[in-house]
Amino acid sequence: QVQLVESGGDLVQAGASLRLSCAASGRTFSSNFMGWFRQAPGKEREFVAGITTRGGNSYYADTVKGRFTISRDNAKNTVYLQMNSLKPEDTAVYYCSARVRNANLYRSGSYDYWGQGTQVTVSS
């Protein structure tokens with residue numbers, strides 16, 4: 001019902017910026033809370049950022065607060081993650097996800113649809 005495709009991942013140096021995009025299919029995109037998660041090698045998938053259906057509220061992990069910004073353009077069925085001041089610790093595969101109904105937004109199990117992921121690598 002919903003297909004998510006991430007793009008924008010790259011290999012960059014510490015301090016650089018990247019903007020990830022998540023293009024969504026389906027006619028109910030505007031009804032979904034959207035989230036970004038990431039998973040580094042050998043580590044558990046962790047919440048990065050989330051945004052409400054109309055973009056009125058956003059949520060961030062403490063590790064990225066002040067550096068990352070999530071946004072959405074419902075007319076384009078697209079969610080973005082602007083990442084500034086990147087650190088080597090940000091290196092991970094980043095996943096876009098969609099939540100259909102209200103649940104704990106910080107948990108990956110709360111989300112119903114997932115993209116394939118895009119690799120972000122930050123060198124020191």
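The values are calculated or read from the model by the stated rules, or taken from the named source; none is laboratory data. Just so it is clear, the model here is predicted, and its values are computed rather than measured. Here the Cβ positions follow ideal geometry from the backbone for every residue, glycine too, while neighbour counts run over all protein chains shown. When the accessible area is computed, the model is the full protein with side chains, heavy atoms only, and any ligands, DNA or RNA have been set aside. Shrake-Rupley method; radii C 1.70, N 1.55, O 1.52, S 1.80 Å.
Considering SER124, SER85, which residue is closer than 15 Å to SER17 by Cα and at pLDDT below 95? Before you say what the answer is, go through the steps one by one.
Values: SER85 fails: at pLDDT below 95.
Result of the check over SER124, SER85: SER124.
Hey, among the residues in region 83-124 that are in a strand (DSSP E or B) and open to solvent by 60 Å² or more (accessible area, probe 1.4 Å), which one's farthest from ALA49 (Cα to Cα)?
GLN119
Of the residues ASN32, ASN77, which is open to solvent by less than 70 Å² (accessible area, probe 1.4 Å), touching a helix residue (DSSP H, G or I) at 6+ places or on another chain (Cβ under 7 Å) and modelled with pLDDT under 95?
Checking each option against the conditions leaves just ASN77.
Being at positive phi, open to solvent by 80 Å² or more (accessible area, probe 1.4 Å) and small (Gly, Ala, Ser) is the requirement here; does GLY42 meet it?
yes
How about region 47-82: which of its residues are part of a strand (DSSP E or B), free of Cβ contacts under 8 Å to residues at least 40 places away in the same chain and touching a strand residue (DSSP E or B) at 6+ places or on another chain (Cβ under 7 Å)?
Those that are part of a strand (DSSP E or B), free of Cβ contacts under 8 Å to residues at least 40 places away in the same chain and touching a strand residue (DSSP E or B) at 6+ places or on another chain (Cβ under 7 Å): ALA49, ILE51, SER58, TYR60, PHE68, THR69, ILE70, SER71, ARG72.
Name the residue that is surrounded by the fewest Cβ atoms within 10 Å (Cβ to Cβ), counting only residues in region 4-24 that are among the aliphatic types (A, V, I, L, M) and under 15 Å from the mean Cα position of the chain (by Cα).
VAL5
Of the conditions (1) surrounded by 13 or more Cβ atoms within 10 Å (Cβ to Cβ); (2) modelled with pLDDT under 95, ARG27 satisfies every one except a single condition; which number is it?
With respect to (1) surrounded by 13 or more Cβ atoms within 10 Å (Cβ to Cβ); (2) modelled with pLDDT under 95, ARG27 is out only on (1).
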